[in-house]
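Reviewing the structure listed below.
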Amino acid sequence: MNQPLDNPSGQVVPAIRVRHVTKTFGGVTALDDVSFEVLPGEVHCLAGENGCGKSTIIKIITGVYQPDAGAEIEIFGQKLSAITPTISRKLGIDVIWQDLALFPLMSVAENIAFEGMLGNVPRIARHATLRKKAAEVLTRLGVDLDLEAPLHTLSVAERQIVAVGRALVGDARLVFMDEPTASLTQSETEKLLAIVAKLSSEGVAVVFVSHRLAEVLKISSRVTVLRDGRLVGVYDTDGMTQSHLTELMTGHTFDSVVAAQDRSKAPVVLQVKNLTREGEFNNIDLTVRQGEVVGITGLIGAGRTELGHALFGMTKPGSGEIILNGAPVRFRSNRDAINSGVAYVSEDRLTLGLVQPQSIADNIVLPVLDSILDRFGLISSSKKDKTVRSWIDDLAVKIGEPTDPVTTLSGGNQQRIVLAKWLATKPKLLILDAPTVGVDVGARAGIFEIVRKLADQGLAILMISDEIPEAYFNSDRVIHMAGGEFIGEYDPRSTTISEIEGAVFA
Amino acid sequence: MRNFFRNNPTEAILLVVLAIVCVGLSIGTDQFLTLVNLANLLNASAINIIFAVGLVVVLIAGGIDISFAVAASVVQYVTVYALGYIGGGNWFWGFMIAGSLGIGLGLINAFLIHYFRIISIVVTIATFNAFFGLLMFITSGRYLYNLPDWWTTRIILVEHQTTSGQWAELTAPVAVMLIASFATWFLIRFTTTGRQLYAFGDNPEGARRVGINIAAMQAIAFGWAGMMAGIAGLMQVNFVQEVVPNALIGRELDVLAAVVLGGARLGGGRGSVIGCILGVMLIAIIQNGLNLLGISPFAFKMIVGAFILAAISLSNMSFSSLSFARKGRV
């Protein structure tokens, strides 16, 4: 069924058609001969894993980057030799970035119709015209917002709508939406999708960038899949299944081996009873045994990360018990948690996990500075070298010198450094939160190899992931979390991946 | 009015506090609520308000300026020599020369900030030192008394003899302050450029993406602050009738405190002319009141400090919701 479509557009003039786009940064090829086409009024999805080239192609179409020689670009039938951001906007192309680029302190009206304020020559700001424009756009979208309210008083979903409104004020005929639903709740997502459908019915093409596959399949008519900077194909969403799409995106074939083993005889490392934190998670019961990898999956906003933070002492649970190695613990801070043998590798590796400008060695020893002191209480460089060397060898990190800044490393190797940093604390429980975000496909396998090796050495591992295949193939048990509660538990050896996906995306 | 309270919470609180302080002082002392005292307060605060409405534009655009008061001193000296060169000049030339010199000094800040991507506090601390050092070096700290007559003559706009026989007078700096305030209010509130300045201070990356000219924003903000500093310098000479190289040093922090008290946000995107006026006036009135109440002048800075802390804590609390970017995914 889902064969790539050859010329689906027929006689219609596409909103955009780019062919043979290649883009290299230094020696790295971000896009390799990619073609991409969107029809007017179409809801199209650009799918692919992080780092597959999705944002690069958006940046080329919007003129932020110039493609390498040989690319053909055609926008609404007009052949262009070069695009600049100004040309792109003039032609009616607009991008709603994930961070929205809105002005939190300004009013809703000004945020929507800020275009009327642009220009280098000062003019009288016509607030009335601006409000009228903003009101028209909101009516068109069928939403009701207080035009005078400062933006920061709005919910994330409402801000998202304001961003859509801004694109429409500029008479956009093609709107890119970069992960628009990433921080929305289910009902907010529904509302946004309704707006997208409405835009489409008015002839505005919408290109959705999202890795939430349920949505992708529901809303879009076609999907372009990229993997590692290459075009995998363009597919009709009719008859496409989530697992097939995942396979196209990741290139993981589904005869991947389920790594799960029975660890029910092993001693319990972490036991959580009835843990609740108001507004985040409720009545969590959880057991993680020595050598066991427990995966927690579910949609964003399910409370997974919040649970991780509570187990690591970053937040205080309201009620319930955390029992570590048989003894109840109450962490006052994450310092307590580290001392008790809990390590946490954060979701946001770049901002939270590493001190970017510092050297690889300094990053690794950061949580264990106490253990590398000499008898005068100063940092012993020989002890430091020994610690650093042993972890780099153990985790097979490819580095130049330990003194190089961590910014010189690739995503996968940075993730290994974060692991090394926490393993240096000799933890008993390792919490991994979205361990492969921003890590390319090839490096993922390497990271899971390490995870498995660590488990075999007796570490208890709690792995939080919103990528179901990741949790399915690499955990001994998979727990489904939604709305702050555990609502299902699966043994990968006796469950198919589609059963779990069905439950999560239901 | 309801919108004023919702959109300007700090200014609204300040207005209430100012009213309470005024009522208290009117009851507690018999000299506060006299025309003579109020006129003197206004005359003495006019210069700081001119500085403040310049500075607030920089704060709105997300910057900070430490150098403007010293820049005003530089402007005073250069204006004296420039006026001498053109044979004395008049008010028109005074404004032209002081205003342009101020803009020039402001543009130096804007240039360094924009082209070398140095944060404004670092740049303006550097220019503060450079301007002041250069001024002291070249003038050897000499005072100038030999100034054109038009410059040092007090111009009385309104006068009124009270029953006690004293004269309540409003002088030229008050008129200039009103014009400067009105011009700034018009700029930031009613022009597209003003709205771009707010947007730039609010979210610089968003402003860049939406197509605002960033270099122009820095130039306008610091140019405006420089121009106001130049004009304030000109009027300060009219007020004190002499040019002293270190007369204005230290003013930058007083004015900055008043502007922040008036609701401007360090970090950009917020600030208003009415807030500047209220901030400067509140500090002036507190000082005036403490004098009238016979409280030690040494307590003054301490009390102003407490007011600033209270104001900033209040405005920070109301902006705790600003951290929305991370709300969804802690």
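Summary of computed values
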| quantity | calculated |
| --- | --- |
| So residue A:209, is it closer than 14 Å to residue A:36 by Cβ and touching a Ser or Thr at 6+ places or on another chain (Cβ under 6 Å) | no |
| Tally of residues being loosely packed, with under 11 Cβ neighbours inside 10 Å and outside any loop (DSSP other than H, G, I, E, B) across the range B:132-151 | 2 |
| Contacts under 7 angstrom Cβ, first residue in the range B:251-270 being within 14 Å of chain A (Cβ to nearest Cβ), partner aliphatic (A, V, I, L, M) and assigned to a loop (DSSP other than H, G, I, E, B), 6 or more apart | B:266/B:64; B:268/B:61; B:269/A:105; B:270/A:105; B:270/B:264 |
| Pair list, Cβ < 6 Å and 6+ apart or interchain, from the range A:149-176 residues that are facing chain B (nearest Cβ under 10 Å) and farther than 19 Å from residue A:133 by Cβ to residues that are surrounded by 21 or more Cβ atoms within 10 Å (Cβ to Cβ) and modelled with pLDDT of 85 or more | A:152/A:104 |
| Pick from the range B:195-204, criterion at the interface with chain A (Cβ under 7 Å from one of its Cβ atoms) and in a helix (DSSP H, G or I), ranking: nearest to residue A:128 (Cα to Cα) | B:195 |
| Count of residues meeting criterion [over 17 Å from residue A:415 (Cβ atoms) and either buried (at least 17 other Cβ atoms within 10 Å of the Cβ) or modelled with pLDDT of 85 or more (or both)] in the range A:337-358 | 6 |
| In the range B:101-131, residue farthest from residue B:72 (Cα to Cα) [restricted to those that are among the polar types (S, T, N, Q) and surrounded by 15 or more Cβ atoms within 10 Å (Cβ to Cβ)] | B:120 |
| Number of the condition not met by residue B:121 [criteria: (1) over 21 Å from the mean Cα position of the chain (by Cα); (2) assigned to a helix (DSSP H, G or I)] | (1) |
| Hits in the range A:71-107 (condition: in contact with a Lys or Arg (Cβ under 9 Å, 6 or more places away or on another chain), among the hydrophobic types (A, V, I, L, M, F, W, C) and within 12 Å of chain B (Cβ to nearest Cβ)) | A:95, A:96, A:97, A:100, A:101, A:102, A:105, A:106 |
| Looking only at the range A:89-141, and only at residues there that are among the acidic types (Asp, Glu) and buried (at least 21 other Cβ atoms within 10 Å of the Cβ), the one that is farthest from residue B:185 (Cα to Cα) | A:94 |
| Every pair of residues 6+ apart whose Cβ atoms lie under 6 Å, when the first sits in the range B:276-291 and is assigned to a helix (DSSP H, G or I) while the second is surrounded by 22 or more Cβ atoms within 10 Å (Cβ to Cβ) and modelled with pLDDT under 90 | B:276/B:262; B:278/B:14; B:278/B:262; B:279/B:261; B:279/B:262 |
| Those residues of the range A:486-506 which are in contact with a strand residue (DSSP E or B) (Cβ under 8 Å, 6 or more places away or on another chain) and crowded, with 16+ Cβ neighbours inside 10 Å, in sequence order | A:486, A:488, A:490, A:492, A:495, A:500, A:503, A:504 |
| Single unsatisfied condition, residue A:225 versus (1) closer than 25 Å to residue A:495 by Cα; (2) outside any loop (DSSP other than H, G, I, E, B) | (1) |
| Qualifying positions in the range A:380-389 - of a type outside the set (Lys, Arg) and surrounded by fewer than 13 Cβ atoms within 10 Å (Cβ to Cβ) | A:381, A:382 |
| Filtered residue count, the range A:148-161, keeping only those that are part of a helix (DSSP H, G or I) and more than 22 Å from residue B:209 (Cα to Cα) | 1 |
| So residue B:184, is it within 14 Å of another protein chain (Cβ to nearest Cβ) and in contact with a Pro (Cβ under 7 Å, 6 or more places away or on another chain) | no |
| Per-region count, the range B:205-242, residues in contact (Cβ under 8 Å) with a residue 60 or more places away in the chain, more than 13 Å from chain A (Cβ to nearest Cβ) and surrounded by fewer than 20 Cβ atoms within 10 Å (Cβ to Cβ) | 3 |
| Within the range A:112-132, considering residues that are farther than 16 Å from residue A:175 by Cβ and within 34 Å of the chain's Cα centre (by Cα), the one farthest from the other protein chains (Cβ to nearest Cβ) | A:113 |
| Residue in the range B:106-129 that is more than 14 Å from every other protein chain (Cβ to nearest Cβ), within 30 Å of residue A:151 (Cβ to Cβ) and among the basic types (Lys, Arg) present | yes |
| Counted residues, the range A:245-274 - those being within 20 Å of the chain's Cα centre (by Cα), farther than 18 Å from residue A:37 by Cβ and either assigned to a helix (DSSP H, G or I) or among the basic types (Lys, Arg) (or both) | 5 |
| Residue match in the range B:152-163 (condition: in a helix (DSSP H, G or I), touching a residue at least 40 places away in the same chain (Cβ under 8 Å) and buried (at least 17 other Cβ atoms within 10 Å of the Cβ)) | no |
| Hey, residue A:304 away from every other protein chain (no Cβ under 14 Å) and at negative phi or not | no |
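The rows are residues; the columns are (1) surrounded by 14 or more Cβ atoms within 10 Å (Cβ to Cβ); (2) in the same structural domain as residue A:415 (by TED's automatic domain parsing); (3) at pLDDT below 85.
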position	(1), (2), (3)
A:287	yes, no, no
A:294	yes, no, no
A:302	yes, no, yes
A:315	yes, no, no
A:330	no, no, no
A:335	no, no, no
A:369	no, yes, yes
A:376	no, yes, yes
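The values are calculated or read from the model by the stated rules, or taken from the named source; none is laboratory data. As the structure is a computational prediction, the values presented were derived from the model and not from experiment. With ideal geometry, Cβ positions are generated from the backbone for all residues, glycine too; neighbour counts draw on all protein chains shown.
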